[in-house]
Structure formats: C-alpha cells, structure tokens
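Take a look at the structure set out below.
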Amino acid sequence: MSAHRTGGKRPGLYPLRLTVTAKVLVFGGHAIARRLGKTGLPDRSIAETWECSDVEGSGSVVADGPLAGVPLRQLVLDQPEALMGAGWSGRHFPVLTKFIDAAGALPVHLHADDEAAQRLEGQPNGKTEAWHILDAAPGATALCGVKDGVRADQLRAALEAQDFDAVLRRLPVRAGETLYVPGGTLHSFGPDTLVYEIEQTSDIQQHAMRWNMEDGSPVGDAEFSSNLDMLMQQVDLDARPDFTPGLRVAVGDGVERVFLCAGRYFALERWRAGTAEPLRHSFATAQILSNVGAPVRVRAGDWSGELDRAETVLLPAVCGEVEITGPADVLFGHLPDLDRDVRRPLVEAGYPLQAIAALGAGARGVETRESRT
C-alpha cells in the first residue's frame, strides 16, 4: 500500500500499515495468496497471516510513515486514547485479526475464557473469537460446541477415542456467514475453508489431537493425557453458538453496512459500496480495516493511500472518519461501545433486540460493556 500526504499537518497518529506474520502450519495451503490475492507471502503452504497482532512474540510493527519501526504495543502505551478512543487504557492492543486458510482441517481445540485463563494459565485474558467465512467448498462443515446432553465423562472418552462427531456439533459452513465462538467452546473448521478471524489478543489454546499442528508429528500418550486434563478443566459444555448472516443496513446510494458479530471483546462489520457514492464511516474507536475485494483508495484526514487486496491498515481513533472510493468490499474490526456502535444504529434501522443479541453469544445475548482498563 502506497501513501502520501494531501496537505495540512500530519497528526501524531495516522492510518498505520503494519507488518504481517505468516504462520506455516500443517493445515495451511496457498489460498490466501491465490484466492484472496495477498502479496508478499513466501511460496509455501501458509495457514494464517496475522494482520494486526499484539501477541507476545508475534507483535505487529508499523511498516511505513513517520512511525515506521515502532511496535504496536509501544503505541498503545504511549498514546492509548489517540489510538483506541477516549477513556481507554490498557497494556496491549486488545484485538487480533487473521486470514486463515484451512486447506486441511484445523485440530479440534478450545481457547480458555477469561476466568480459566487467569486461574489455570496465568494469562491476563482468554480468547473469544469469531469466524467470518470468506469462501468455502460446497458441503463444507465446522465443529463447534458440545452436543446437548453430553456429560463430561462422555466427552473425555470420545476425545480419547478421537470420535469427535459422537460428541461435537457439526454445522454447515457458507460464505458470508459469521460464527461468534465464546472462550471454552470446542471447535474446528476445514478443509477447503477460507476465514477472516477476529479475537481477543491471545495465543492460548488446548488441543484434543494426537498430532502437533506445527509439523504433524505425533503427540505421545502422556502429553495427550495431560492436554485433555487441562482441556476438560476449561471446556464449556453449554456453549452452542450458531452461524448468522449478519444484519444489513443501507447507509447510502449503493453503500451497505453489515453487522457480522458484536460482543464486549470486539465487533466486526462488512461494508460494500458501488460507484454512485464513496463509502464513508465515522468512528470513535480504533478500526482494523481489511480489504477483501479489489484494490481501493482510502482517505482519512490529510492521509490517503491505496489498500490492495487482502491488505490491512489500522485506523487510530483520532482519525475519526474514513472515506473509501468504490467499488469496495472491506471489513472493519473494532472494540465497540455496544450501545453507541451496535445497538443504536441497528435499532434505528428497525431491528429488534433479539436479532441484535444473536450477533453476540447466541442465547447469552450481546454482552454488556465492561471496563476497558
């Protein structure tokens, strides 16, 4: 992505292109490059690209402009409100986004919720996540959640036998739909599934497989049993989330906003625009803008730049608004004020609260806003 100034004084923070971490794992393929069109990747089977990350050891760094070379975490510490929004404070950037190529099936695994992460893993937070399906083969499925009525002992026995369908829900997967996956939910997706994932900043996980996802090597009996011991302490037997097509709102002539998911940890929206008028979006919290369509021209304040296919730029809260010239097909991930950023626009568009609640943790509803300290 190239960028240039269009006049005026550049603020301390500006739209930030970040370094990307490519993960080579056994379930990966070449779809991120060949189907999404992402450039700059090694000619290998890539499972994931971490687009915006503050995970320890895989943190993003500003790639261009006056702040080139500054780690994302340093910006969080130095300019928390300018980056994240008024009243925010924290020790790391709270949202992680990825493109995932499940050319093969992911391992069956879970991520701890906040309570289990703090109690059992010594981590400050767990990892609730959401999958937005960009592409999937006909008949593609995902495993997500334990079947109703399955007891803990039955689950453990099935996991030991690697008989996942006996105890886990298998759901149909369709492009354009989104699944909000609370921490503690057993899950897997693939093969032949291309996903944009948004989640809490964490790499915490517990696997139920007899092979390692890094290289496919076998997991020994003692390690496997220990893994299941920890997994069984973290699993939520009642989590049964479902896919949703999102809630659509027309916001201009040929401009459409789709609310894909929303909870206290993150929200994800997909915006599309034709050529009748630009896509214009105002915001009060940092926005992770990822392009899933053709290259587009992006303007924010006195900054403008080209956002290529499958490329991401972080828009600091201080920018306040962005304009994108269509045709455009982009994703906005952010840490929302749920009343202001989600409920209010959807209620004004005529959606009932029950439909809005389905964007979050299903029957648990869209979670209430909590302290961001």
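The values are calculated or read from the model by the stated rules, or taken from the named source; none is laboratory data. Small disclaimer: the values here were computed from a predicted structure and weren't measured. Positions of Cβ are backbone-derived with ideal geometry, glycine not excepted, and every protein chain shown enters the neighbour counts. Side chains included, ligands, DNA and RNA excluded: accessible areas come from the protein's heavy atoms. Shrake-Rupley method; radii C 1.70, N 1.55, O 1.52, S 1.80 Å.
Table for the structure above
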read-out: Arg170, sole failed condition from (1) under 28 Å from His30 (Cα atoms); (2) outside any strand (DSSP E or B); (3) open to solvent by 60 Å² or more (accessible area, probe 1.4 Å); value: (2)
read-out: Scan of segment 133-147 for residues that are of a type outside the set (Gly, Ala, Ser) and either under 14 Å from Phe243 (Cα atoms) or part of a strand (DSSP E or B) (or both), ordered by number; value: Ile133, Leu134, Asp135, Thr141, Leu143, Cys144, Val146
read-out: Residue within segment 333-349 that is modelled with pLDDT of 95 or more, of a type outside the set (Gly, Ala, Ser), closer than 18 Å to Glu129 by Cα and surrounded by fewer than 21 Cβ atoms within 10 Å (Cβ to Cβ) present; value: yes
read-out: Criterion (more than 23 Å from the chain's Cα centre (by Cα) and open to solvent by less than 40 Å² (accessible area, probe 1.4 Å)) met by exactly one of Leu260, Leu194, Leu228; value: Leu228
read-out: Yes/no for Gly104 being open to solvent by 10 Å² or more (accessible area, probe 1.4 Å), in a loop (DSSP other than H, G, I, E, B) and in contact (Cβ under 8 Å) with a residue 40 or more places away in the chain; value: yes
read-out: Residue match in segment 67-82 (condition: among the acidic types (Asp, Glu), open to solvent by 30 Å² or more (accessible area, probe 1.4 Å), without any contact (Cβ under 8 Å) to a residue 12 or more places away in the chain and assigned to a helix (DSSP H, G or I)); value: yes
read-out: Given (1) open to solvent by 40 Å² or more (accessible area, probe 1.4 Å); (2) over 29 Å from Trp271 (Cα atoms), number of the condition Val146 does not satisfy; value: (1)
read-out: The listed residue being free of Cβ contacts under 8 Å to residues at least 60 places away in the same chain, surrounded by fewer than 23 Cβ atoms within 10 Å (Cβ to Cβ) and either of a type in the set (Val, Ile, Thr) or touching a His at 6+ places or on another chain (Cβ under 6 Å) (or both), out of Val292, Val255, Val251, Val296; value: Val251
read-out: Single residue of Arg35, Arg44 found to be modelled with pLDDT of 95 or more and open to solvent by 30 Å² or more (accessible area, probe 1.4 Å); value: Arg35
read-out: Residue among Ser188, Ser217 that is in contact with a Phe, Trp or Tyr (Cβ under 9 Å, 6 or more places away or on another chain), of a type in the set (S, T, N, Q), without any contact (Cβ under 8 Å) to a residue 12 or more places away in the chain and open to solvent by less than 50 Å² (accessible area, probe 1.4 Å); value: Ser217
read-out: Test result for Lys23, under 21 Å from Leu331 (Cα atoms) and open to solvent by less than 60 Å² (accessible area, probe 1.4 Å); value: no
read-out: Answer residue from segment 159-184, given it is in contact with a Leu (Cβ under 8 Å, 6 or more places away or on another chain) and among the hydrophobic types (A, V, I, L, M, F, W, C) and is farthest from Asp236 (Cα to Cα) among those; value: Ala175
read-out: Residue, nearest to Val195 (Cα to Cα), within segment 138-183, restricted to residues that are out of contact with any Lys or Arg (no Cβ under 7 Å at 6 or more places or on another chain) and basic (Lys, Arg); value: Arg174
read-out: Criterion violated by Ala112 - all others in (1) surrounded by fewer than 23 Cβ atoms within 10 Å (Cβ to Cβ); (2) in a loop (DSSP other than H, G, I, E, B) satisfied; value: (1)
read-out: Unmet requirement for Ser202, which otherwise passes all of (1) in contact with a strand residue (DSSP E or B) (Cβ under 7 Å, 6 or more places away or on another chain); (2) within 23 Å of Glu51 (Cβ to Cβ); value: (1)
read-out: Answer from Arg280, Arg240, Arg272 - the residue that is open to solvent by 60 Å² or more (accessible area, probe 1.4 Å), more than 21 Å from the chain's Cα centre (by Cα) and of a type in the set (Lys, Arg); value: Arg280
read-out: Filter result for Glu51 (open to solvent by less than 10 Å² (accessible area, probe 1.4 Å), among the acidic types (Asp, Glu) and at negative phi); value: yes
read-out: Residue list for segment 189-208, restricted to those being on the phi > 0 side of the Ramachandran plot and in contact with a Leu (Cβ under 6 Å, 6 or more places away or on another chain); value: Gly190
read-out: Gln123 being surrounded by fewer than 19 Cβ atoms within 10 Å (Cβ to Cβ), modelled with pLDDT of 95 or more and in a loop (DSSP other than H, G, I, E, B); value: yes
